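Below: the structure, in structure tokens.
Please treat every number below as a calculation from the coordinates, not as lab data. All figures in this text were calculated on a predicted structure; none of them were measured in a lab. Positions of Cβ are backbone-derived with ideal geometry, glycine not excepted, and every protein chain shown enters the neighbour counts.
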2 protein chains.
Amino acid sequence: MNAAAVVGVQLGDRSYSIQVGSGLLGAPASYQSLPRGSGAVIVTNDTVGALYAKRLKAALKDVYPKLDCVVVADGEAFKTWQTLKEILDGLIEAQADRSTTVIALGGGVIGDLAGFAAACYMRGVGYVQVPTTLLAQVDSSVGGKTGVNHPSGKNLIGAFHQPLAVIADVDVLESLPDRELVAGLAEVIKYGAVADDAFLGWIESSLPALLARDKPSLVQAVTRSCHIKAPVVASSEREPGMRAILNFGHTFAHAIETGTGHGTWLHGEAVGCGMAMAADLSARLGLIAPTHAARIARIVAAAGLPLRAPTLGVARYVELMRMDKKTEAGQLRFIVLEGPGKAVVRGADAALVAATIEAFGGGAPPRL
Amino acid sequence: MNAAAVVGVQLGDRSYSIQVGSGLLGAPASYQSLPRGSGAVIVTNDTVGALYAKRLKAALKDVYPKLDCVVVADGEAFKTWQTLKEILDGLIEAQADRSTTVIALGGGVIGDLAGFAAACYMRGVGYVQVPTTLLAQVDSSVGGKTGVNHPSGKNLIGAFHQPLAVIADVDVLESLPDRELVAGLAEVIKYGAVADDAFLGWIESSLPALLARDKPSLVQAVTRSCHIKAPVVASSEREPGMRAILNFGHTFAHAIETGTGHGTWLHGEAVGCGMAMAADLSARLGLIAPTHAARIARIVAAAGLPLRAPTLGVARYVELMRMDKKTEAGQLRFIVLEGPGKAVVRGADAALVAATIEAFGGGAPPRL
């Protein structure tokens, strides 16, 4: 099967396309338009590699007679400077040159690591994203953000480096744990909430099919999400403000993730709860009707995402949100809804923020 | 004293200017047009830092109320992944954010390290080059090439990241060891040889003044060199072939440096000898008169640069040149002169290359 849909990301001479469909990963046709160069190096982790590297290699072997593979450990804990060095050493060992293409096979961690390695190797070689999680397919594989974590913060070290192509094959989502599928749906819901109310309605009615991993529904969800993200990525190179609205729910989510210790909540779970909180705050600011905020919360819950925030206490939430990169000049700023499918960046009164945190159960003092 | 000259590098919204003059490093005016942001972090080494960091800090303190300094060890041996990590940790410790400016105070090693750290920190922050060697002033600080060495090769890991500004103060060349001054002159001679025969004539007559560190002569040499490099850098983003001519002499130089072990010959010394060899090869190819090749060799010698190539043997030279990144599809290619002030990329017959190596004394078997 060929791509069910192709989404273009317009970035001048760095433009690229996202293929979305079923059967793409193992089809040589998916890679035909890539530059041949001197070869390719697949970068993957031990979990995903065991499942899909063989199929990918079979598809790539006619395109790239020289094909190597670098396998790193699985998990966000390995999104480090040290793993980046391992990948760069692997590229050198494979005698990669300036015309080598790096193929990132994995979720967001692999995409960020392999993309950053491609950005640094010989001052930049091309790379292809083959995302294997729903989150990576709808979010992290598109936009060129790459990087590693530092003990002092996530993604502190990295580069903007656009891929040559993104191959989003929904077949690989079959092996995704339920919890990660649900976490990925949070970002899909986000696109509907901030940019396309009709899409939000479609998501609402399609949640049972999406949760059952119905392929046409997954293709539709990924395609529409990428359609919304692509022009934002293209315009945000000059207008970073545009990109901000894609962080809807993320200020609360950042506090939840950091406050509970990274890894306790999945990012998508925190974003799910964070979106319901941001919608609630939007209603408190008088920007949307309380019924619309309740609808966002209902969709979040129906997807299987948590609606109850961890009880860190209001003061701790505010402290954590202040540490967020998106805070400017000390003032807390939020992406809020100003209508169905419309988002905007706004400052918010501390009392309203506190009321939202309390309403979601986050304000009670931590139990000792 | 203000800048004696300002050279513009035209790169759209990444355009910047190179200020060349005397008294620039310690003058607050040199930094007035830089973005303020939240502060600046000086990156330097222990040798240069001891000489100039105090003067630079005094000039910067009114521009950047928050000013930090990261000091690393001096030398090419420290242009490593490990030192890069030290600088990134230093930026984090200084609580640098996306609006922080990195100030690279030092020679090419510091410029490459600090520039690469700036490229990676939070996916890219601005940086300023304050080059303290002649080589860095006329070459490495201009063009945005940054990176670190790897045990398998020089500059294997790095990024293109253009500086916000270059401040080339010839006063700092007073403390430069003679040998490094002479090595820097090799690149100055190169600009004349490949792009401006009138400049080459000026260099020829001005060598005594340049070697005596006459400031107006140094300002003229740096300014004219940057004037020649700037449009090549600007055009080479789309036409990498243009940038190649600035590698005149570098294919032979690469073989000399690698064959003798990096650090035995200074890069500029190898480039000096390499240019004389490339000019000789140009004459053997019938592209220029033997008298012009002899003139290049005479200027190289008058600058105090070596004219006798190390006796590695012809076969070893060819092997080393094949390993050079500039070799394409296995064929040896050289930047050769096709007239006074005119360079071009050409393949060359192995017999002619061997004759050139022999003529410069490089062909004799190594003495055991």
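General observations
- Across the range A:195-359, the relative contact order, built from alpha-carbon pairs under 8 Å that are at least six residues apart, equals 25 percent.
- When each full DSSP H helix of chain A is screened for a Cα extent of at least 30 Å along its own axis and an average Kyte-Doolittle hydropathy of at least -1.0, the helices passing are A:215-236.
- Using only side-chain charges placed at the Cβ, +1 for Lys and Arg and -1 for Asp and Glu, the dipole size of the range A:195-359 relative to its Cα centre rounds to 160 debye.
- Full-extension gain in nm, B:Asp62 to B:Ala29, via 0.36 nm per residue minus C-alpha separation: 10.9 nm
- Viscosity 1.002 mPa s, temperature 20 °C, Stokes-Einstein D of chain A from Kirkwood C-alpha radius, µm²/s: 103
- Model label points for A:Ala294 and A:Ala350, set 7 angstrom from Cα along the Cα-to-Cβ axis, are 3.2 nm apart.
- Dipole magnitude (debye, nearest 20) for the protein assembly as shown, charges at Cβ of Lys, Arg, Asp, Glu: 420
- Each copy carries a label point for A:Gly263 at 7 Å from Cα toward Cβ; from one copy, the others' points are 3.9 nm away, ordered from shortest.
- Within straight-line cross-link reach of A:Lys66, lysines at Cα separation under 29 Å, skipping those fewer than 8 residues along the same chain: A:Lys54, A:Lys57, A:Lys79, A:Lys85, A:Lys145, B:Lys145, B:Lys154, B:Lys325, B:Lys326
- Share, in percent, of DSSP beta bridges within the protein assembly as shown that are antiparallel, nearest 5: 45
- Cβ crowding within 10 Å, taken as a proxy for footprinting-reagent exposure, orders B:Tyr191, B:Tyr52 from fewest neighbours to most as B:Tyr52, B:Tyr191.
- Applying 1/(1 + (r/R0)^6) with R0 = 30 Å to the Cβ-Cβ distance of A:Ser175 and A:Ala73 gives a FRET efficiency near 0.95.
- Each Cα pair of the range A:195-359 feeds into the Kirkwood radius, which the Stokes-Einstein equation turns, at 20 °C and 1.002 mPa s, into a diffusion coefficient of 131 µm²/s.
- Between B:Ser15 and B:Ala301, the modelled labels are 4.5 nm apart [label points 7 Å from Cα along Cα→Cβ].
- Only Cα pairs under 8 Å and 6+ residues apart enter the sum, and on that basis the relative contact order of chain B stands at 14 percent.
- 21 Å tail of the calculated P(r), the range A:127-227, as % of Cα pairs: 37
- Residue list for the range B:190-228, given a label point 7 angstrom along the Cα-to-Cβ vector of B:Lys342 and an amide N cut-off under 18 Å: B:191-201
- Calculated [θ] (222 nm, deg cm²/dmol) that DSSP helices of n ≥ 4 give over the protein assembly as shown, each run adding -39,500 (n - 2.57): -14000 deg cm²/dmol
- The range B:5-175 - Rg over Rh from alpha carbon coordinates, Kirkwood radius: 0.92
- DSSP beta bridges in chain B [antiparallel fraction, %, rounded to 5]: 40
- With the label put 7 angstrom out from Cα along the Cα-to-Cβ vector, B:Ala359 ends up 8.4 nm from the copy partners, going from closest to farthest.
- Cα extents for the protein assembly as shown along the principal axes, largest to smallest and rounded to whole angstrom: 87, 61, 41.
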